[in-house]
Amino acid sequence: MQEMSLIVSPGDDGLPIRRLALERLHMSYGQFKRAKFNGLMMLDGQCVHADKRAQSGQMLVICLPQREGAPCTPSSLALNVAYEDEDLLVIDKPAPLPSISSRKRDTETLENAVYSYFGCPTGFLYQPVNRLDKGTSGLMVVAKHSHAQQYLQAQLHTDDFIREYLAVCDGEPPACEGIMEWPIAKAEGATIRRVVNPLGKPARTFYQLVRTGAGRSLLRLKLDTGRTHQIRVHLQALGCPVTGDFLYGHEHMALPNRFALHSCFVRVRTLRYGVIERESVLPRELALLL
């Protein structure tokens, strides 16, 4: 069971427990309801109701029952952890490595590696905040508990959660920088593949040319939305598919089972320590393509 607490500040004197939970502890309404109906809210050690008004200096403690996941298999894969605190991990994921486990695959996954990193705990629940395709490397955020996951996912596609990517692409873009703003939909009859379609969901990607070489371009990209395969689909539509992208371009012998897309920068507002930023360099196998 996860325990959340705060000491009521003078500025919050007289506020009801409900407001302190939702506005100061950043609980979701669903989490607050579960705590309320299970009698898991305490003020100075005494169970209280949601409309109880707290006084400055009092200690509010709210407990959240943790969900449990399916059994997980230990992994020998060592994690490259770029940042860690009590609530989250920022992991530099290699490629090709699936982000999540599946009944259809019997291979190493980031989920299994995180399970082992945490010491193979009973009832382990994998709680990624964002995900990367198997063939994409780089920075990915994983929450340590459900409250952190809810808090961090609420930041996605806001200025509090910035993600940037580096992509080696075939050809050159029409300008040194620009915005790719084309709606994306699932391709007809496909299960995974996406296409630009005027009837699809809005999608926007910013790009900037970093350098060119060997008939390719290195682009830095920033997501404004988070559609499935958004960068890959947009770059194909731009006429510069990601090098090695077997689904939207062409495979490359130097990139077995991956493509030249790397999550290079993450900026996120943590629960306890304010905004943190982490960067990851372009992997050597991608740099050698230019």
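No value in this document is a laboratory result; all are computed from the given coordinates. In this text, all values refer to a predicted model and were calculated from it rather than measured experimentally. Please note: Cβ atoms are built from the backbone with ideal geometry, for glycine as well, and neighbour counts cover all protein chains shown.
Find which of G45, P10, S56 sits farthest along the positive direction of the dipole of the range 2-64, computed with +1 on the beta-carbon of Lys and Arg, -1 on that of Asp and Glu, about the Cα centre.
Projecting each Cα onto the dipole axis, the largest value belongs to G45.
Exposure proxy check: D44, D12 ranked by fewest other beta carbons within 10 Å? If you can, show how the numbers build up before the last one.
Working: D44 13, D12 18.
The most exposed by this proxy come first: D44, D12.
Compute the semi-axes of the equivalent ellipsoid of the chain, taking the square root of 5 times each eigenvalue of the Cα gyration tensor, and list them largest first in whole Å.
Working: eigenvalues 335, 91, 59 Å².
Three semi-axes, in Å: 41, 21, 17.
Lysines within cross-link reach of K222: Cα-Cα under 23 Å, excluding same-chain residues under 8 positions apart?
Straight-distance partners of K222: K93, K134, K186, K201.
A237 versus L22, label points 7 Å from Cα toward the beta carbon: distance in nm?
Placing both labels 7 Å beyond Cα along the Cβ direction yields 3.7 nm.
Arranged from highest to lowest average of other beta-carbon atoms within 10 Å per residue, in what order do the peptides 33-40, 118-125, 134-141 appear?
In descending order of packing, they fall as 134-141, 33-40, 118-125.
Please identify every one of the GluC sites (Glu not before Pro) in the range 1-100 that sits in a loop by DSSP and has no more than 11 other beta carbons within 10 Å of its own beta carbon. Show your work: numbers first, answer last.
On the way: sites: E3, E23, E68, E84, E86; in loops: E68, E86.
Here the sparse-neighbourhood loop sites are E68, E86.
For a quick check: sort T243, T191, T109, T158 by the number of other beta carbons within 10 angstrom, fewest at the front.
Details: T243 28, T191 6, T109 22, T158 9.
By the 10 Å Cβ count, ascending, the order reads T191, T158, T109, T243.
With runs of 4+ DSSP H residues as the only contributors, calculate the mean residue ellipticity of the chain at 222 nm using -39,500 (n - 2.57) per run, divided by the residue total and rounded to the nearest 500. Write down the numbers at each step before the final one.
Working: 5 runs with 38 residues, N = 290.
Roughly -3500 deg cm²/dmol at 222 nm, from the helical runs in the chain.
Which order do K144, K93 fall in if you start with the one that has the fewest other Cβ atoms within 10 Å? Present the calculation step by step, with values, prior to reporting the outcome.
Values: K144 18, K93 24.
Ordered by Cβ neighbours within 10 Å, fewest first: K144, K93.
Working from the alpha-carbon coordinates of the range 1-100, get Rg over Rh, Rh being the Kirkwood radius.
On the way: Rg = 18.3 Å, Rh = 16.1 Å.
My calculation of the ratio gives 1.14.
Just the number, please: percent antiparallel of the DSSP beta bridges in the chain, rounded to the nearest 5. Write down the numbers at each step before the final one.
Values: 59 of 61 bridges.
Percent antiparallel among DSSP bridges in the chain is about 95.
Restricting to DSSP loop positions (anything but H, G, I, E, B) with no more than 16 other Cβ atoms inside 10 Å of their own Cβ, which GluC sites (Glu not before Pro) remain in the range 113-208? Spell out each step's value before the answer.
Working: sites: E164, E177, E181, E188; in loops: E181, E188.
Filter output for the range 113-208: E181, E188.
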